[in-house]
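Every number here is computed from the coordinates shown, using simple stated rules; none is lab data. Predicted model, so just to flag it, every value in this text is computed and none were measured. A quick note on method: Cβ atoms are made from the backbone with ideal geometry, for glycine too, and the neighbour counts reach across all protein chains shown.
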Amino acid sequence: MDYIRYPVSLPVEQGFCYCDFCRKQFSLDYPVDPLSIDPESDPEIWKQWNRYREEQINAFVRSVHELLKSRFPEIRLSADVFPMVKESRETKMQNWGYWLKKGFLQEIFTMSYTPDVRTVKEEAIYLKNILPEGIPGYVGLGPYQGFRPEILLDEIQAARQANTGGVCLFEFGSLTSEQKTALKQGPFRLKAKVPDWK
């Protein structure tokens, strides 16, 4: 699952979802129209509104998990997520820590799309530490941003040192010829072993 999140929460003027249905549903439990909530003056009700929106995404992930489990158990469910759970929840209503804890996912991909190697390293270590036993996690890197090949190689090394499940690159079509050469001569010079999911 990609884009399994709200696009943005703040600033309020750009936030999602303020459709008639969500506003009405929220108002059944809290006597306030979400459009009138000010995060500064109403922090508690703002927190509840965020939890309501988070639960909409949680419910969808849960439903997809249950559907696959009952009808297509051989299909593995994964999600692309923002790298840190706290930030992901606060800005995207994406509580992937909960999804992992509940067993909704069989693998996960973080979106560590930055040319900052230190940040990728921190996010890779965080991912490794939060993963439940038996769930592979992959560090998503962003060479589409056009950074130098040596940065991409350093980021791959950082993910490997954190002992995550591996890396994925977003996306192949945007790799420069220099990046491809560096990958072919460096970390991907050996033939990949295909995982046995059975």
Which label in (i) 58, 36, 31; (ii) 61, 39, 29; (iii) 41, 38, 31 gives the computed Cα extents along the principal axes in Å: (ii)
Extension gain, Q106 back to E133 (0.36 nm per residue minus Cα-Cα distance, nm): 8.6 nm
Range in the chain, longest, excluding exposed chymotrypsin sites (Phe, Trp or Tyr not before Pro) [loop by DSSP; at most 10 other beta-carbon atoms within 10 Å]: 4-196
With at most 11 neighbouring Cβ atoms within 10 Å, loop GluC sites (Glu not before Pro) (DSSP) excluded, longest segment of the chain: 75-132
Net length gained if the chain between E40 and D2 were fully extended (0.36 nm per residue, minus Cα distance): 10.6 nm
Over 24 Å (Cα to Cα) - which of K102/K193; K47/K69; K24/K69; K24/K101; K92/K193; K47/K86 fall in this group: K102/K193; K47/K69; K24/K69; K24/K101; K92/K193
Distance between the range 116-170 and the range 30-52 - C-alpha centres, whole angstrom: 36 Å
Cα gyration tensor shape of the range 38-132, rounded if a/c is under 1.5, else prolate or oblate by comparing a/b with b/c: oblate
E13-T181 pseudo-label distance in nm [points 7 Å out on the Cα-to-Cβ vector]: 4.8 nm
